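J.: Supplied in structure tokens, the structure appears directly below.
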Amino acid sequence: MAHSNKLSKLSAAGLLVTLGIVYGDIGTSPLYVMKAIIGKSIINDDLVIGGVSCVFWTLTLQTTFKYVILMLRADNKGEGGIFSLYALVRKAKVSWLVFPAIIGGSALLADGLITPSISVASAVEGMRYFNPDIPTIPIVISILFLLFFIQQFGTSFVGKSFGPMMLVWFFMLAALGANMMFTNLNILKAFNPYYAYNLLVHYPHGFWLLGAVFLCTTGAEALYTDLGHCGKKNIRVSWIAVKICLLLNYFGQGAWLLNRTGTALNEHNPFYSIMPSWFLFTGIIVATFAAIVASQALISASFTLINEAIRLNFGPKLRIIYPTEMRGQLYVPTVNWVLCFGCIAVVLYFKESENMGAAYGLSIILAMMADTLMFAFYLHLRRISNYLIFPFLFVFLTIEMSFIIANLNKVMHGGWVTLLVTSFLFGNMLVWFEARKIRNKLVDFLKLEDYLSLITDLSNDTSIPKYATHLVYMTSANRRDEIESKVIYSILQKQPKRADIYWFVHVDVIDEPYTMEYKVKELVNDKVIHIDFRLGFRVEQRINVMFRQVVQDLVANREVDIRSRYYSLSKNNVIGDFRFVVIEKHISNENVFRIKERILLTIHSFLKLFSMPEEKAFGLDTSLVTVEKVPLVVNPVGKINLKRVK
């Protein structure tokens, strides 16, 4: 935590780290944006100046104004991103907010299939300047596979080179662009918004070029998502330099294009064409490393998104590994390999970065629209005047709806891939969320105080074999004075479980990202103890370790005696045994549900097959855990017309 806070302060180190973490996606966009705008058209002044003007104003309005100036204000205890924003606004308990949150999260994850592919492919294709027949697909696939393979070892060793690598990259962008820009200063007309307007309104099919223009801002969401890693001051200050470098390169590419009016691009990429021939090989190497940085940043962001989705009950609990002690460093094997083979499939299907560009961006604009809607609601909760909120909504929904419409022609050119993935993820998250709500309604809670005397009597009843010295139950009851009826049933009826001390442990996932707190209440002296853990939605639930630390603190404060109660062990100060009990609930066939509920619960049951068992999700030592499966019954079938016969 201290490490993160140190990097969040404005400093040279913080700025360098910010370059490596935040700007991978948006920083590598010059590799393919101008090539996508020109396409197969004959180069002319209106197209080039108008295209560069659209890029300039998109970066200014969408990236600078919306994300850097406005959305960085919506920080959740220093954390950003669409799920952090949802955690901020869901306190209002407005049901529709879950839809933009899930749509945005799904779109960002779907984007993970194209970004690494198009970035690496665009960089590697520069090798064709040396050998037009070089097979780039095997090289791209090899780089991608290696990148995903090393995730399991942690990326801290790669991360150390991210900042310096991107510093070299942006310096190269600026130098190459500035050098070429002076060959045709007419490109400076692009600062005038008239040329953007002229392209979109008067140029034949000009409006549809917004689909290509949008590629220049696809990484803008990362500026908000990585807020917690870098801090808003470092992002805002570094963005000034990054934007200047990007614009210099775009204007340089524009100047190169103006010098070739009346011709077609064919196989040329303006990005590589502005490089001196003696620098081309070095430029390709630097571009390839920058593409790897961009891919790595997106892969790490995908892991973080999945982790947050699980904590917010948007998906099944997957296995999460923490390869290093660095905060935020995590590895989700299932997601890693799904992304890996998904990216490889994208490369094999589209083959060329140009084809990927024709499909890219359609899903990410959905995430940006989701950000706009939830940020407007956040402003409403902050009691900002509607006279400011409505203009914000109007301006950015107009911009983003224009991008959506312009991107619709990408559906038939491969955009259906990311839309399909987005829809699939959205469906899974929504089903899991709604089914969890149904299941939670089926859980019956009892007043714990009504059973404390029974539990105490059971503990003192020597006619019943002792089950454990310390018996620990994981409970989902949010109130300390309540307990699930199934827990009481497990203790008193299913198999009377005599123990010397009963522990009830509850985990409350709160809307703050990294909170780690606990409260202890002794309900019956030296018999029944209740522990409440309050953990942030980004905190790993290592309950086994946390519970042990709490017990050690209680022992140190002489609040509890955990020694074995067996005479031979107690006199030698041997610690008593601990056993956890996890109640795994399943829907009973006795329930009668409406068709919609039955469908949701059926899909939820299928998704649960891919989920980690509850005991592993809580980080418990499985050798000390008993899992009891109990049915949930709330709408039982009516009385059966059963007749007795002789």
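J.: Restricting the search to the range 125-146, which residues are open to solvent by 10 Å² or more (accessible area, probe 1.4 Å) and aliphatic (A, V, I, L, M)?
T.: Of all residues in the range 125-146, those open to solvent by 10 Å² or more (accessible area, probe 1.4 Å) come to 125, 127-135, 137-139, 141-143, 145-146.
Matches in the range 125-146: M127, I134, I137, I139, I141, I143, L146.
J.: Separate question: Can you work out which of the residues in the range 24-41 that are farther than 18 Å from D111 by Cα and of a type in the set (D, E, K, R) is most open to solvent (accessible area, probe 1.4 Å)?
T.: K40
J.: A follow-up question, please. If L247 satisfies all but one of (1) open to solvent by less than 30 Å² (accessible area, probe 1.4 Å); (2) out of contact with any helix residue (DSSP H, G or I) (no Cβ under 6 Å at 6 or more places or on another chain); (3) at pLDDT below 85, what's the number of the condition it fails?
T.: Among (1) open to solvent by less than 30 Å² (accessible area, probe 1.4 Å); (2) out of contact with any helix residue (DSSP H, G or I) (no Cβ under 6 Å at 6 or more places or on another chain); (3) at pLDDT below 85, the lone unmet condition for L247 is (3).
J.: Hand me the list of helices (runs of 4 or more DSSP H) wholly inside the range 444-561 holding 3 or more residues that are β-branched (V, I, T). Let's see the steps before the verdict.
T.: Numbers: elements: 452-460, 485-489, 543-556.
Those helices (runs of 4 or more DSSP H) span 543-556.
J.: Tell me, which residue of the range 161-197 that is open to solvent by less than 80 Å² (accessible area, probe 1.4 Å) and of a type in the set (S, T, Y) is modelled with the highest pLDDT?
T.: Looking at the filtered set, the residue picked out is Y195.
J.: Sticking with this one: What's the total number of residues in the range 489-508 that are in contact with a strand residue (DSSP E or B) (Cβ under 6 Å, 6 or more places away or on another chain) and aliphatic (A, V, I, L, M)?
T.: Total meeting the criteria: 4.
J.: On to the next question. Hey, among S106, S117, S122, which residue is open to solvent by less than 20 Å² (accessible area, probe 1.4 Å), under 18 Å from N428 (Cα atoms), part of a helix (DSSP H, G or I) and among the small types (G, A, S)?
T.: Result: S106 is the single residue among S106, S117, S122 that is open to solvent by less than 20 Å² (accessible area, probe 1.4 Å), under 18 Å from N428 (Cα atoms), part of a helix (DSSP H, G or I) and among the small types (G, A, S).
J.: Which one of these is of a type in the set (S, T, Y), in contact (Cβ under 8 Å) with a residue 24 or more places away in the chain and over 25 Å from S300 (Cα atoms): Y387, Y378, Y349, Y331?
T.: Among Y387, Y378, Y349, Y331, only Y378 is of a type in the set (S, T, Y), in contact (Cβ under 8 Å) with a residue 24 or more places away in the chain and over 25 Å from S300 (Cα atoms).
J.: Still on this model: In the range 431-443, what residues are in contact with an Asp or Glu (Cβ under 7 Å, 6 or more places away or on another chain) and at pLDDT below 75?
T.: Across the range 431-443, the qualifying residue is only V443.
J.: Of the conditions (1) more than 21 Å from L362 (Cα to Cα); (2) under 38 Å from the mean Cα position of the chain (by Cα), N184 clears all except one; give me its number.
T.: (2)
J.: Please state which one of V17, V48, V94 is over 16 Å from the mean Cα position of the chain (by Cα), at pLDDT below 85, of a type outside the set (D, E, K, R) and more than 25 Å from L167 (Cβ to Cβ).
T.: Residue meeting the stated conditions: V94.
J.: Here's something else I'd like to know. Taking the range 74-96 as the region of interest, how many residues are open to solvent by 10 Å² or more (accessible area, probe 1.4 Å), on the phi < 0 side of the Ramachandran plot and touching a residue at least 40 places away in the same chain (Cβ under 8 Å)?
T.: 7
J.: For the range 384-430: of the residues being among the hydroxyl-bearing types (S, T, Y) and part of a helix (DSSP H, G or I), which is modelled with the lowest pLDDT? Give the steps one after another, and end with the answer.
T.: Within the range 384-430, the first condition is being among the hydroxyl-bearing types (S, T, Y), and the residues that meet it are 385, 387, 398, 402, 418, 422-423.
Still in the list and also part of a helix (DSSP H, G or I): 387, 398, 402, 418, 422-423.
On the way: Y387: 91, T398: 94, S402: 92, T418: 84, T422: 89, S423: 90.
Out of the qualifying residues, it is T418.
J.: Report, by residue number, each residue of the range 329-374 that is open to solvent by 10 Å² or more (accessible area, probe 1.4 Å) and part of a loop (DSSP other than H, G, I, E, B).
T.: The answer is Q329, L330, K351, E352, A358.
J.: Looking at V417, is it open to solvent by less than 40 Å² (accessible area, probe 1.4 Å) and either without any contact (Cβ under 8 Å) to a residue 24 or more places away in the chain or over 30 Å from I37 (Cα atoms) (or both)?
T.: Spelling it out, it is not the case that V417 is open to solvent by less than 40 Å² (accessible area, probe 1.4 Å) and either without any contact (Cβ under 8 Å) to a residue 24 or more places away in the chain or over 30 Å from I37 (Cα atoms) (or both).
J.: While we're here: So which residues in the range 195-208 are among the aromatic types (F, W, Y), touching a residue at least 60 places away in the same chain (Cβ under 8 Å) and either part of a helix (DSSP H, G or I) or farther than 18 Å from L257 by Cβ (or both)?
T.: Y195, F207, W208 - these are the residues of the range 195-208 that are among the aromatic types (F, W, Y), touching a residue at least 60 places away in the same chain (Cβ under 8 Å) and either part of a helix (DSSP H, G or I) or farther than 18 Å from L257 by Cβ (or both).
Yes/no matrix, rows are residues, columns are (1) hydrophobic (A, V, I, L, M, F, W, C); (2) in a helix (DSSP H, G or I):
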residue: N234; (1), (2): no, yes
residue: W239; (1), (2): yes, yes
residue: C245; (1), (2): yes, yes
residue: N249; (1), (2): no, yes
residue: L257; (1), (2): yes, yes
residue: T261; (1), (2): no, no
residue: E267; (1), (2): no, no
residue: Y272; (1), (2): no, yes
residue: G283; (1), (2): no, yes
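The values are calculated or read from the model by the stated rules, or taken from the named source; none is laboratory data. As the structure is a prediction and not an experimental result, all values here were calculated from the model. Using ideal geometry, Cβ is built from the backbone for each residue, glycine included, and neighbour counts are taken over all protein chains shown. Protein only, heavy atoms only, side chains kept; ligands, DNA and RNA dropped before computing areas. Shrake-Rupley method; radii C 1.70, N 1.55, O 1.52, S 1.80 Å.
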